1. Once you sort the root eigenvalues of the Cα gyration tensor of the stretch 1-158 as a ≥ b ≥ c, which label holds: rounded (a/c under 1.5), prolate (a/b larger than b/c) or oblate (the other case)?
2. Please report, in debye to the nearest 20, how large the charge dipole of the chain is about its Cα centre when each Lys and Arg carries +1 at its beta carbon and each Asp and Glu carries -1 there.
3. Using per-residue counts of other Cβ atoms within 10 Å, averaged over each peptide, order 59-71, 273-285 from highest down.
4. Would you kindly state how much longer the chain becomes between residue 237 and residue 54 on full extension, computed as 0.36 nm times their sequence separation minus their alpha carbon distance, in nm to one decimal?
5. Mind checking the angle between helix 68-81 and the chain's longest principal axis? C-alpha axes, 0 to 90 degrees, to the nearest 10.
6. Taking the 0 to 90 degree range and rounding to the nearest ten, how far is the long axis of helix 121-130 tilted relative to the main principal axis of the chain, both from C-alpha atoms?
7. Would you mind counting up the charge near residue 47? Only other residues with Cβ under 11 Å from its Cβ, with Lys and Arg at +1 and Asp and Glu at -1.
8. Spin-label point model (7 Å from Cα, Cβ direction): what's the residue 289 to residue 106 distance in nm?
Amino acid sequence: MPRIAYVDGRYVPLRQAAIHIEDRGYQFADGVYEVCAVVNGVILDMDAHLDRLDRSLHELRIRQPLERTALRVVMRETLRRNRIRHGIIYIQVTRGVARRDHPFPAASHPVVVMTARSVDFSRIIERAALGVPVITVPDQRWARRDIKSISLLPNVLAKQTAYEKGAYEAWLVDDDGHVTEGSSTNAWIVPTEGVLVTRPLGPDILAGVTRAGLVEVARKVGMRVEERTFTVTEAKKSREAFLSSTTNFAMPVVSVDGEPIGTGKPGSATRALLKGYWQRIMDETGVTASDIPGLAKL
Ligand code: PDD
């Protein structure tokens, strides 16, 4: 079955999907995006993602391309046409097509692109059973990381460095030695039992939708969440560490720069949190533990 993309008002086979070479997203990275997880055909935390999309657009003064109701219809239709039960949907909005010139164009309309693909979440659950290594690199991004901009070059370079060093993610470190977040994930540590630490929201990091969900779950299961900065040194001395994102949920981090975290194995707090997070997904989507291999053993 050919994959279908939504491009500026039309559904087209992915192979034929194209945008104009003078799209400002292509020339200036002048655009924003969202990635949402889909479980059992349900888009997780859809409104939180659309709220963040609205905010990103507003901050960059890009016009709303579609009313929210219309956007929801297009998202659902993109999933339907690609027959996605479990997967992700990618939404991108750029400022549109115009002759290349830095100032905002007087006459152009925002261009929406959507793609969707299936994801086998059992692979993520399998990986969570082992945990992942991360490395640290300097955070070389701009000062507005709260905007989910498609301008991701420093993130791409950091992730590539991580992969070349056999790590799963790169944690980005500010000039004071504090971890901001990962190249495409939020960063967390568990310095003492029952306490989760993650950087406070602000211009330094993206307000992760998963981060917000995990804060909710943590409080429900009786863990305390401290939103404060932490250093690489503190991370390395912690009992546990993990990262979070739409595609990773809560993923245990078992080493930082080659130094084991805690026992060097996924910890009990992260496991409890992941379990609680999947319970939340099950409640939201009606998916059952037997639908996703590995889930029952979490
Ligand atoms: N990344 N921080 C950064 C820099 C990110 O790019 C992301 C998401 C997150 C986690 O946000 P959320 O929980 O809302 O996914 C944090 C997406 C998935 C990506 O770029 O593919």
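All of the numbers you see were taken from the coordinates with simple rules; none came from a lab. These numbers come from a predicted model, not from an experiment. All Cβ positions, even for glycine, are placed from backbone atoms using ideal geometry, and neighbour counts span all protein chains on display.
1. Details: a/c = 1.78, a/b = 1.17, b/c = 1.51.
Verdict is oblate for the stretch 1-158.
2. The calculated dipole for the chain is roughly 860 debye.
3. Values: 59-71: 13.8, 273-285: 18.5.
Descending packing order for the listed peptides: 273-285, 59-71.
4. Stretched fully, the residue 237-residue 54 segment lengthens by 62.0 nm.
5. Compared with the principal axis, the helix lies near 80 degrees.
6. Helix 121-130 sits roughly 30 degrees off the main axis of the chain.
7. That sum, taken over residues with Cβ under 11 Å, equals 0.
8. 6.4
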